[in-house]
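All remarks here apply to the structure that follows.
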């Protein structure tokens, strides 16, 4: 009878490990999806920021050109 109890205890432990493994695997997959989503959003934000910097540089160049023209008219 003692052997059967040990086997049942072992079986219970294995079942708990399998269940815990499944839960952890599901959590890992969920976190991986979240990370990919965040990485994609970060990439989009980075691209938008770069586009805004380019636009800012272009506007700055145009403003500097206009200021130079006005300055040339005054002198």
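What follows draws every value from the coordinates through simple rules; no lab data is involved. None of the values given here were measured: they were computed from a predicted structure. Cβ coordinates were reconstructed from backbone atoms using ideal geometry, including for glycine residues, and neighbour counts include every protein chain displayed.
Before moving on, here are some points about what is shown:
- Compared with the direct C-alpha span, the chain from residue 62 to residue 47 gains 3.1 nm at full extension, assuming 0.36 nm per residue.
- Modelled this way, with points 7 Å down the Cα-to-C-beta line, the labels at residue 39 and residue 24 are 2.3 nm from one another.
- Over the chain: helical MRE at 222 nm, DSSP H runs n ≥ 4 each giving -39500 (n - 2.57), nearest 500: -37000 deg cm²/dmol
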